[in-house]
Amino acid sequence: MSQESHEHPKSSVGVLPPGTILLEEKEKKNIKLKTRLAEKIKKNCTCSPVKAKDTLFSFFPVLQWLPKYNLKECLLGDLMSGLIVGILLVPQSIAYSLLAGQEPIYGLYTSFFACIIYFLMGTSRHIHVGIFGVLCLMVGEVVDRELEAAGFDENSTHSAFAINVTEALTCDRSCYAITVGATVTFMAGVYQVAMGFLQVGFVSVYLSDSLLSGFATGASITILTSQVKYLLGLSIPRANGIGSSIYTWIYIFQNIHMTNICDLVTSIVCLLVLIPAKEINECYKSKLKAPIPIELFVVVGATLASHFGHLHENYGSSIAGTIPTGFLMPKSPDWSLIPSIALGALSIAIIGFAITVSLSEMFAKKHGYEVKANQEMYAIGFCNIIPAFFHCFTTSAALAKTLVKESTGCRTQVSGVMTSLIILLVLLVIAPLFFSLQKCVLGVITIVNLRGALKKYFDLPKMWKVNKVDTAIWLVTMFSSALISTELGLLIGIAFSMVCVIVRSQKPGATLLGRVENSDVFESMVVYKNLKSTPGIKIFRFEAPLYYVNKQCFKSALYKTSGVDPVLVATEQKKKEKKKEKLQKKDRVVDAKVTQVDTIQQLYKEPLPFHTLVIDCSVIQFIDTAGVNTLKEVLNDYKNIGICVLLAQCNISVRNSLRNGDYFKREESCMVFYSVQQAVQFALYEQEQEDACINGSLV
């Protein structure tokens, strides 16, 4: 490789040993910090018509693409996908309202406003932003906790112990629940917009796919648990806090004898209809122009059966009740609730953003366009802030409806406007017709829509084969989310994921390399057979950054795999040297003065298995001060026993760290090569020169 622009002292003038390349780095302009800051401030704080226009267009991407909208190519697909998603969304919006601890009408409000706002601000053409089961569950947990703190029990209409008496007299349980939900939604949106303003969209990469998948599956188990009481027609308290799922199952079994047979039969019939229909949609999705809106058929059929069969009056079946038409007057969030819900809103904001960005990037990559992570954070943030004033709860991208949207011909977010119009029609006209709809039907719809997340269990064997650490992260996150709580489960999953990263960096892979026959490629001798080792040369690869955490691991792995611990060898050499000196004194033998290095080479040249150690740094992304000092120690320790250490395939960052850390003190030690092959060539050349000198002196 290179000698960092130094010529090797042993080579003749103007002639480079094989394997060396001299590169001259470009001179960098040294701009003063004051100048850079002034330019940055001038660039960001000055205003012009062009910059104002660009800012407006970037904040409202619809202004860029809507004037260029191709009616002939896009309109039909957008209208069809929007219509189908709207039809599917109506029963799901009503069902997921129960999951968030709200009345059915609020789910319809939420879906309506989210689609409109994302149409204006989103950068993805395909994702559907609206109600999402996991976020509904997290909102519902916060709502139930605050309802309990305010003194509302499960079936109360007014607070018995509310601190704010005026609020209690004017706001019943349902009103207070949406107040809490809207406040949580507002704070989640504020967090998301703040993260967008601070340009921290990159944080989503720290939530790995295995962590998000495990969290979604664990939360799905909690969702399923929370809906069982509706399937059985039981009236039990909703458990909150740590172990809420376990307590819920305890309550269910304690009250199983009170099961409403009418609700149970209805639930079984709905399951027998929905599950096969969903499987048919899944199996024939490539052949069907649009999925069968089976949920809508079930809701309509169940509503008619409940209404004409008088199931509520005759059998005590729980029904949706009055669903008003139109919109309620806007209302600001309850600012006094912010201190108590701020932490819960933060976790909701992070999960909502991570899911939205991951889905938008996935579909953008599939269809060949670009999305902006920070603009997505603004979009999803305002999809929460603005609707919070209109009695809505938290939204994010939803995978199932996004897949339906894409598969039915969606081309742009105009389909979201169509979906909003369908929901608006329901809000203004159709909503009261769902009065007799049984809650158990809504519970069944919620559970059936968990199929995708619950099917992840079948992927565990394949996941284990691909990566055991990712599987462990998935299992820990899933079990903690399902058995402890969703919020703590997410934190535990993140903490465990970070621990896994640290452990993997502390104990990375380290191996000796051999040459692939008839090539200049070097690979692990542990993994591959029939690799050729070069006599007298060991090639060592360390597969992690070299920094303070794993510096000792680096040295241990190097000494172990190379088979030579220079510290032990040097100690043995000193012992034998002292022994020789004693024998010389005893025999009164007078020898010429010999340096320590010459004595070592004379005594121990034969036993050492190699004369050159090449360290392949291709996988070392960076190196810190402790890493540089470790390499210095390795260089000096091996040099003391007559072994040359060469570095190969260092990236620019590592070379700069080595230079700034004074690793290149002497010309003979600044051996950094651009490939392992060049380092091997150089080592063989140097050994030939040394052998020639020795043979010449002997002659």
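The values are calculated or read from the model by the stated rules, or taken from the named source; none is laboratory data. Since the structure is predicted, the reported quantities are computational estimates derived from the model, not experimental observations. Ideal geometry is used to build each Cβ from the backbone, glycine not excepted, and the neighbour counts take in all protein chains shown. These area figures cover heavy atoms from the full protein model, side chains too; ligands, DNA and RNA do not enter into them. Shrake-Rupley method; radii C 1.70, N 1.55, O 1.52, S 1.80 Å.
If you count Lys pairs in segment 394-495 whose Cα atoms are under 24 Å apart, skipping same-chain pairs closer than 8 places in sequence, the total is 9.
Taking the Cα centre of the chain as the origin, how large is its charge dipole in debye, to the nearest 20, when only Lys and Arg (+1) and Asp and Glu (-1) carry charge on their Cβ atoms?
Working: 65 positive and 55 negative charges, 332 e Å.
The calculated dipole for the chain is roughly 1600 debye.
Site pair THR571 and PHE253 shows an inter-label distance of 6.0 nm when each label is modelled 7 Å from Cα along Cα→Cβ. Modelled this way, with points 7 Å down the Cα-to-C-beta line, the labels at LEU198 and LYS34 are 3.1 nm from one another.
Spacing of the modelled spin labels on ILE292 and ARG659, each 7 Å from Cα toward Cβ, amounts to 6.9 nm.
Rolling a 1.4 Å sphere over the protein heavy atoms, what is the accessible area per residue of segment 503-548, to the nearest Å²?
Spelled out: the 1.4 Å probe surface of segment 503-548, per residue, equals 60 Å².
For LYS43, the lysines whose Cα falls under 29 Å of its own Cα, not counting residues fewer than eight places away in the same chain, are LYS26, LYS28, LYS29, LYS32, LYS34, LYS51, LYS53, LYS372.
Hey, can you find the accessible area per residue of segment 379-445 for me, probe 1.4 Å, expressed in square angstrom?
Working: 1870 Å² over 67 residues.
On a per-residue basis, 28 Å².
Scan the chain and hand back the longest stretch that contains none of the GluC sites (Glu not before Pro) lying in DSSP loops with at most 12 other Cβ atoms within 10 Å. If you can, show how the numbers build up before the last one.
Values: sites that count: GLU24, GLU25, GLU27, GLU154, GLU370, GLU517.
Excluding the exposed sites themselves, the longest stretch runs over 155-369.
Toward the positive end of the charge dipole of the chain, with +1 on the Cβ of Lys and Arg and -1 on the Cβ of Asp and Glu, the farthest Cα among LEU608, ILE350, GLY181 is that of LEU608. Restricting attention to the chain, close to 50% of DSSP beta bridges with both partner residues there are antiparallel. Since only VAL527, ALA510, CYS500 are under comparison, the one whose Cα sits farthest along the positive direction of the charge dipole of segment 492-569, derived from C-beta charges on Lys, Arg, Asp and Glu, is CYS500.
The overall shape of segment 226-373, judged from the alpha-carbon gyration tensor, is oblate: a/c is not under 1.5, and a/b is no greater than b/c.
What does the charge dipole of segment 401-491 about its Cα centre add up to, to the nearest 20 debye, if the Cβ of each Lys and Arg holds +1 and the Cβ of each Asp and Glu holds -1? Show your work: numbers first, answer last.
Numbers: 10 positive and 4 negative charges, 57 e Å.
Charge dipole of segment 401-491: 280 debye, to the nearest 20.
Which whole-number value in Å² is the accessible area per residue of segment 198-272, probe 1.4 Å?
On the way: 3570 Å² over 75 residues.
Averaged over the residues of segment 198-272, the accessible area is 48 Å².
Since only LEU442, ILE386, GLY326 are under comparison, the one whose Cα sits farthest along the positive direction of the charge dipole of the chain, derived from C-beta charges on Lys, Arg, Asp and Glu, is ILE386. Using R0 = 60 Å, the C-beta based FRET efficiency linking ASP520 and ASN314 works out to 0.10.
At 1.4 Å probe size, with the rest of the protein present, what percent of the exposed accessible area of segment 301-446 is carbon and sulfur atoms? Intermediate results must be reported in sequence, preceding the final value.
On the way: 4020 of 5850 Å².
On segment 301-446, the fraction of accessible area on carbon and sulfur atoms equals 69 percent.
Counting only protein heavy atoms and a probe of 1.4 Å, the accessible surface of segment 476-547 is 63% carbon and sulfur. If you average the C-alpha positions of segment 478-534 and of segment 347-397 separately, how far apart do those two centres end up, in angstrom? Comparing the Cα centres of segment 478-534 and segment 347-397, I get a distance of 32 Å. Helix-only arithmetic for the chain: the sum of -39500 (n - 2.57) across DSSP H runs with n ≥ 4, divided by the residue total, places the mean residue ellipticity at 222 nm at -19500 deg cm²/dmol.
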